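Asker: Sharing a structure here in structure tokens format.
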Amino acid sequence: MSKFTVGSEEGISDLITIIDSSTYTMHKDLVPEEDIKKYIANDIDPRKMINDLNDLSNQLIITYADDQPVGYSILKSGHNHPALPEGKRATEISFVILPEFNSPDIRESLWKKCRSAASFTDIIWLNMMSHDPLLEFLKKSGFVITADTTAGPFQLPSHILALELNKN
């Protein structure tokens, strides 16, 4: 089940649980473990997240399995990227599911809620690491790679993916 969540203590606590775990999992084979632990301890700031999520142009969706937070998407309206066409309304998203819960049901639940929340925009885009297991799902959902770049706290290879929603 996926649901909209506000920047409350419970929402932030669930979000940080997922971020800590996914940060570790996504980087463990590419970055020294000590660097990952240091990043999680020093750079994930609940107060900043609360402020970001209480900005009315941002929305948080968390996906749960058996009442446990297993994935999230954050939508940031009005965030554009140079690799995208100008003059279109763009919404940046994050799309994260913990690997042990990366099932078709969980992906579809989070994607449907995310897609619905972004229905007002022209383009949904995200910067996703090239080794992210969700990359193929997003491509199958219609996203196309528009640029190669780097992402994350350790600046690893990534792709800018974009999905045009309102083609006129």
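Asker: Conditions first: (1) more than 17 Å from the chain's Cα centre (by Cα); (2) farther than 22 Å from residue 11 by Cβ. Residue 123 passes all but one, so which condition is the exception?
Answerer: (1)
Asker: Looking at 120, 95 in this structure, which one is among the aromatic types (Phe, Trp, Tyr) and surrounded by fewer than 19 Cβ atoms within 10 Å (Cβ to Cβ)?
Answerer: Being among the aromatic types (Phe, Trp, Tyr) and surrounded by fewer than 19 Cβ atoms within 10 Å (Cβ to Cβ) holds for just one of 120, 95, which is 120.
Asker: Could you identify the single residue in 126, 110 that is crowded, with 21+ Cβ neighbours inside 10 Å, more than 18 Å from residue 151 (Cα to Cα) and not polar (S, T, N, Q)?
Answerer: Of the residues listed, the single one that is crowded, with 21+ Cβ neighbours inside 10 Å, more than 18 Å from residue 151 (Cα to Cα) and not polar (S, T, N, Q) is 110.
Asker: Quick one: in the stretch 53-71, which of the residues that are touching a Gly at 6+ places or on another chain (Cβ under 8 Å) and surrounded by fewer than 16 Cβ atoms within 10 Å (Cβ to Cβ) is modelled with the lowest pLDDT?
Answerer: 54
Asker: Filtering the stretch 111-148 down to residues that are free of Cβ contacts under 8 Å to residues at least 24 places away in the same chain and assigned to a strand (DSSP E or B), which residue is farthest from residue 71 (Cα to Cα)?
Answerer: Among those that are free of Cβ contacts under 8 Å to residues at least 24 places away in the same chain and assigned to a strand (DSSP E or B), it is 148.
Asker: Among the residues of the stretch 5-45, count how many are under 18 Å from residue 71 (Cα atoms) and either in contact with a strand residue (DSSP E or B) (Cβ under 6 Å, 6 or more places away or on another chain) or modelled with pLDDT of 85 or more (or both). I'd like the intermediate steps shown before the answer.
Answerer: Just the residues of the stretch 5-45 that are under 18 Å from residue 71 (Cα atoms), to begin with: 5-27, 40, 44.
Now restrict to residues that are either in contact with a strand residue (DSSP E or B) (Cβ under 6 Å, 6 or more places away or on another chain) or modelled with pLDDT of 85 or more (or both): 5, 11-27, 40, 44.
Result for the stretch 5-45: 20.
Yes or no, residue by residue, for (1) more than 26 Å from residue 164 (Cβ to Cβ); (2) over 17 Å from the mean Cα position of the chain (by Cα):
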site: 56; (1), (2): no, yes
site: 60; (1), (2): no, no
site: 69; (1), (2): yes, no
site: 75; (1), (2): no, no
site: 83; (1), (2): no, yes
site: 90; (1), (2): no, no
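Asker: With the requirement that a residue be over 18 Å from residue 83 (Cα atoms), of a type in the set (Asp, Glu) and more than 13 Å from the chain's Cα centre (by Cα), what does the stretch 126-168 give you?
Answerer: Result: 136, single match.
Asker: With respect to residue 74, is the statement that it is surrounded by 16 or more Cβ atoms within 10 Å (Cβ to Cβ), within 19 Å of residue 152 (Cβ to Cβ) and out of contact with any strand residue (DSSP E or B) (no Cβ under 7 Å at 6 or more places or on another chain) true?
Answerer: Taking the combined requirement at face value, the residue does not satisfy it.
The values are calculated or read from the model by the stated rules, or taken from the named source; none is laboratory data. In this text, all values refer to a predicted model and were calculated from it rather than measured experimentally. Note: ideal-geometry Cβ built from the backbone for every residue, glycine included; neighbour counts use all protein chains shown.
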